[in-house]
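S.K.: The structure under discussion is supplied below as structure tokens; questions concerning it will follow.
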Amino acid sequence: MRKSKTSFILAVIFLYFLVLSLSCKDDKTVNQNTEEFQFPKIDWIDQSVYNQIKETCRTYWDLNQMIAKTFEIRKDSMEYTIQCDGYLKGNLYIFAIRVDKNGNWLNDGRTLKNP
């Protein structure tokens, strides 16, 4: 009786992990963007600040997944907000980074973009 109970429990555990593994999606990122990311030419920001902003974007975003034509920078008092659409795990998001007056990271986030 004990052996059959142990076998039953092992079978249930095996089936649980089998169902779990079959139900999991593949988390590999699929590159939805076929063009290489190019930062736009922006003259209204000091070039050293803009270079730091670009470096911050390279650090916090996978630029291969970003859509360059949606890249924009807005000045907000003594800070900048950088926004760009991009893909993460097959979904389209609006990504944002907030930087200080020197282009250094303050915070970042993303929100799912409605179709």
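The values are calculated or read from the model by the stated rules, or taken from the named source; none is laboratory data. In this text, all values refer to a predicted model and were calculated from it rather than measured experimentally. Cβ atoms come from the backbone with ideal geometry, glycine included; neighbour counts cover every protein chain shown.
S.K.: Which number in (1) within 23 Å of residue 43 (Cβ to Cβ); (2) in contact (Cβ under 8 Å) with a residue 24 or more places away in the chain marks the one condition that residue 100 misses?
M.R.: Every condition holds for residue 100 apart from (2).
S.K.: Next question. Hey, can you tell me all the residues within segment 26-47 that are acidic (Asp, Glu) and at pLDDT below 80?
M.R.: Within segment 26-47, 26, 27, 35, 36 qualify.
S.K.: Quickly run through segment 92-115 and pick out the residues that are loosely packed, with under 12 Cβ neighbours inside 10 Å and either modelled with pLDDT of 95 or more or touching a Leu at 6+ places or on another chain (Cβ under 8 Å) (or both).
M.R.: 107, 109, 111, 112, 115
S.K.: Continuing with this model, one more query. Would you confirm, using the coordinates I've provided, whether residue 59 is under 17 Å from the mean Cα position of the chain (by Cα), exposed (fewer than 12 other Cβ atoms within 10 Å of the Cβ) and in contact (Cβ under 8 Å) with a residue 24 or more places away in the chain?
M.R.: Yes: the conditions hold for residue 59.
S.K.: Got a sec? Which of 60, 80, 50, 16 is among the hydroxyl-bearing types (Ser, Thr, Tyr) and modelled with pLDDT under 95?
M.R.: Among 60, 80, 50, 16, only 16 is among the hydroxyl-bearing types (Ser, Thr, Tyr) and modelled with pLDDT under 95.
S.K.: Would you tally the residues in segment 93-115 being touching a strand residue (DSSP E or B) at 6+ places or on another chain (Cβ under 6 Å), under 18 Å from residue 50 (Cβ atoms) and among the small types (Gly, Ala, Ser)?
M.R.: Result for segment 93-115: 1.
S.K.: Still on this structure, please answer the following. Being of a type outside the set (A, V, I, L, M, F, W, C), surrounded by 15 or more Cβ atoms within 10 Å (Cβ to Cβ) and within 16 Å of the chain's Cα centre (by Cα) is the filter here; which residues of segment 65-82 pass it?
M.R.: Across segment 65-82, the qualifying residue is only 65.
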